[in-house]
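Take a look at the structure set out below.
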Amino acid sequence: MSRVAVFGAGYVGLVTGACFAELGHEVTIRDVLPERIDALRRGEVPIFEPGLEELLARNADRLTYTLDVAEAVRDADFLYVAVGTPPTYSGDADLSAVWTVVDELRGLEQPAALVMKSTVPVGTGATVRHRLDDAGLGHVGYVSNPEFTAEGNAIRDFQHPDRIVIGAFDAAHGDAVAELHRGIDGPIVRCDVASAEMIKLAANAALMTRISFINEIANVCEATGADVVRVAEGIGLDSRIGPSFLRAGIGYGGSCFPKDSLALKQLAASSGYHFQLLNAVIEVNELQKRRVIGKLKRHLGSLRGTSVALLGLAFKPNTDDTREAPSLVLAGRLAAEGATVRAWDPIVDGQAILPQATIHASPLEALAGVDAAVLVTEWPELAEVDWTEAARTMSNALLVDGRNMLDPAELRAAGFVYEGIGRNGQ
Ligand code: UDX
């Protein structure tokens with residue numbers, strides 16, 4: 001059993017803390033937001049992540065929440081950093097929360113390992129190492145142990161990882177972090193710190209590249225009469241390619257991909273390299289979100305005075321996260337075109353993020369009287385909608401299925417003009 005301090009009670013910190021507690025370790029989670037710590041102490045989880053509340057409750061006697069650094073680090077063997085690293089105005093990662101944690105460790109007496117879970121630019125570990133040494137903390141080790149958890153599936157991803165990446169300056173600290181994961185079955189990749197940092201950025205870049213690739217194939221399918229769903233199936237069965245992350249749609253969003261792609265682009269640029277492919281991946285994604293507007297205009301002409309329903313606001317299902325969600329870009333573009341926006345999402349607080357839109361309690365209610373609907377997030381609830389009834393309630397039964405979730409033939413039979421992304425209607 002080890003003692004683990006986790007800095008940051010966001011998605012990553014809470015999942016990391018809960019999963020280490022489940023393994024039997026004593027975990028103290030520290031955050032700077034008093035309301036967040038108070039809520040956690042009351043047993044309330046401030047974010048939506050399936051299974052997290054239960055996991056935290058089940059391990060409550062091994063979990064402590066605090067605002068106090070001294071309490072968090074007391075006797076800790078591991079100091080996990082899981083603070084946010086949002087993009088700055090220049091697109092670089094803002095590491096100020098990381099530096100605050102490093103500075104707060106001043107005076108720490110016991111040997112411990114500082115473990116970086118937050119996504120940081122390559123070279124951050126080396127800078128932290130110097131900063132620790134300058135602060136007289138040579139006895140504190142440094143390990144990069146990036147997270148690969150997808151929101152909505154984070155606990156499963158942590159407990160059944162494809163791999164655990166451990167990059168350390170000193171092998172003993174790497175061994176200790178590997179031992180901390182005992183009980184979790186998954187291959188361990190041991191490497192130097194810079195490579196561990198790059199693995200995280202490169203893995204995300206590879207996934208985004210696949211999404212922008214299949215989205216461009218979808219756009220060419222639309223121009224040529226092929227169906228991207230069949231195409232993705234056909235290429236995904238090639239064992240060298242594989243089937244995941246080949247779902248065409250209205251672009252990726254979320255807290256990681258957009259931010260990490262910008263950070264990698266800036267990291268390359270600052271190192272004197274123009275990362276042409278990544279630039280294209282980012283640009284394709286931006287354009288992909290906007291293509292929906294073109295589809296609506298093709299059917300409706302000008303959007304001025306029309307009303308459009310957005311079905312789903314989260315950047316993907318099973319999360320309340322709307323960071324960089326295509327819904328925000330769409331709502332903004334629709335407003336700029338003079339359309340009014342109605343919206344439904346089963347868990348996102350729509351009014352908070354889209355003050356000009358009207359928010360509705362069910363898909364059918366959001367669809368009442370609209371000129372078009374856009375399926376933005378593939379919430380399972382949308383598979384249950386009575387689309388024949390929906391077509392009747394809309395003033396014009398046009399649906400742009402931004403996630404290729406529904407069956408085009410069924411929707412057409414229900415009375416819809418159906419447009420997917422890269423679909424020919426087969
Ligand atoms: C991602 C990575 O998967 C995870 O490893 C990393 O740690 C953080 O970033 P997350 O952002 O939670 O996780 O979601 P993910 O399920 O990967 O989806 C990202 C975005 O890509 C979503 O907007 C999703 O809709 C989109 N996507 C995904 C596609 O458009 N097509 C696909 O085939 C897959």
Region 71-167 - accessible surface per residue (Å², probe 1.4 Å)
40
Please report the carbon-and-sulfur percent of the accessible area for the chain; probe 1.4 Å, protein heavy atoms only, DNA, RNA and ligands left out.
53
Long-range amide H partners of ARG403 with built H, under 5 Å:
none
With every protein chain present, what is the per residue accessible area of region 317-360 (1.4 Å probe, Å²)?
42
Quick check: the distance between the Cα centres of region 402-426 and region 1-27, to the nearest angstrom?
44
Is the shape of region 1-111 best called rounded, prolate or oblate, per the rule: a/c under 1.5 gives rounded, else a/b larger than b/c gives prolate, else oblate, with a ≥ b ≥ c the square roots of the Cα gyration tensor eigenvalues?
oblate
Extension gain ILE47-ILE241, at 0.36 nm per residue separation less the Cα-Cα distance, in nm?
66.4 nm
Shape call for region 174-326, from the Cα gyration tensor axes a ≥ b ≥ c (a/c under 1.5 means rounded, otherwise prolate when a/b beats b/c, else oblate), comes out prolate
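Would you mind putting 335-347, 302-314 in packing order, based on average other-beta-carbon counts within 10 Å, highest first?
The most tightly packed comes first, giving 302-314, 335-347.
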Quick one: Karplus J couplings for region 19-25, per residue in order, coefficients 6.51, -1.76, 1.60, θ = phi - 60°, nearest Hz, x for Gly and Pro?
6, 5, 5, 4, 6, x, 7
Report Rg/Rh for the chain, rounded to two decimals, where Rg is the Cα radius of gyration and Rh the Kirkwood radius.
1.01
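The values are calculated or read from the model by the stated rules, or taken from the named source; none is laboratory data. Computed from a prediction, not measured in an experiment: that's the story for all the values here. Counting neighbours? That spans all protein chains shown, and the Cβs are built from the backbone with ideal geometry, glycine included. SASA here: full protein model, heavy atoms, side chains in, ligands and nucleic acids out. Shrake-Rupley method; radii C 1.70, N 1.55, O 1.52, S 1.80 Å.
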